[in-house]
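The values are calculated or read from the model by the stated rules, or taken from the named source; none is laboratory data. Computed from a predicted model, the values in this text were never measured in an experiment. Cβ placement follows ideal geometry from the backbone for every residue including glycine, while neighbour counts extend to all protein chains displayed.
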Amino acid sequence: MNVQMPVTRRTKIWPEIIGLSLAIGSLVLNHISERRYFASTHEVMFFPVMSFGLLVGGLALLLGGAIRRTPTKLILFCFAISIGTSTCYAVLYAGIISVQTGADRFGECAGLDQAAANSGVIPDSRVHPGSPAVGCAVERRGLFLSYYNEIDIYGVTDSSSQAKVLASLAVHRDSLHTKPLMVVFYEQENWTVTTSRNGTRIGKRGPEKIVRVVPIG
């Protein structure tokens, strides 16, 4: 005699609970990672792709729970959807950041460079003598490929001077409503110039030490 176990309310809603938790967790992970600095392309891509996979897996669980798929089919369905879409997303993400990172797409960098220089604490650049040691570029970050302006500041290592730079940038951003900023303080510029056999002077930037990273906005 076969006895069917009753389907409890808890059994019915577990996919929805787990799916919702994964979806919310993916957004939290994205928010935290988006405001961190990553030195390599692999690090830049890892957390957005992971967040995307968790989000898709969570939504798939919500969908599978709504149509009452069996547990085995539901797990396979979510795994296949998450892996497949995450792979496509990773390829798309890599293409976008390789093409759209670096150029001053919004014309905001000149003003940001000047705002940082107005703090009066940034030394002259070794790369561009006569100009402050500051550089700006646009980058895409996070799950939703949000736009950020990355501001590189060289030779400002003490906290009081860094606070002046940050205050100047914050005032500028608030007044002009620029894109969020990722301010990266470096110990100094590592710039060497060599002379080739034909007399041409060639400059080369070497590894540089980061002392502090501060997101604004």
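Taking the stated definitions as given, is Val99 more than 30 Å from Leu22 (Cβ to Cβ) and touching a Lys or Arg at 6+ places or on another chain (Cβ under 6 Å)?
no
When the stretch 110-135 is examined, which residues are found to be under 22 Å from Glu34 (Cα atoms) and at pLDDT 95 or above? Show your work before the answer.
Residues of the stretch 110-135 under 22 Å from Glu34 (Cα atoms): 112, 135.
Result: Leu112, single match.
Select from the stretch 133-146 the residues that are part of a strand (DSSP E or B) and over 16 Å from the mean Cα position of the chain (by Cα) and list them in ascending order.
At the first step, the residues of the stretch 133-146 found to be part of a strand (DSSP E or B) are 134-141, 146.
Result: Val134, Gly135.
Which numbered condition trips up Phe79, out of (1) closer than 30 Å to Val184 by Cβ; (2) at pLDDT 85 or above; (3) among the aromatic types (Phe, Trp, Tyr)?
Status for Phe79: all satisfied but (1).
Quick one: which residue in Gly102, Gly120, Gly130 is closer than 22 Å to Pro180 by Cα, small (Gly, Ala, Ser) and either part of a loop (DSSP other than H, G, I, E, B) or in contact with a Phe, Trp or Tyr (Cβ under 7 Å, 6 or more places away or on another chain) (or both)? So that I can check it myself, show each step before the final result.
Details: Gly120 fails: closer than 22 Å to Pro180 by Cα; Gly130 fails: closer than 22 Å to Pro180 by Cα.
One residue alone meets the criteria, Gly102.
What's the number of the only condition in (1) outside any strand (DSSP E or B); (2) polar (S, T, N, Q); (3) buried (at least 16 other Cβ atoms within 10 Å of the Cβ) that Asn149 fails to meet?
(1)
Of the conditions (1) over 17 Å from Pro132 (Cα atoms); (2) surrounded by 12 or more Cβ atoms within 10 Å (Cβ to Cβ), Gly199 fails just one. Which one is it?
(2)
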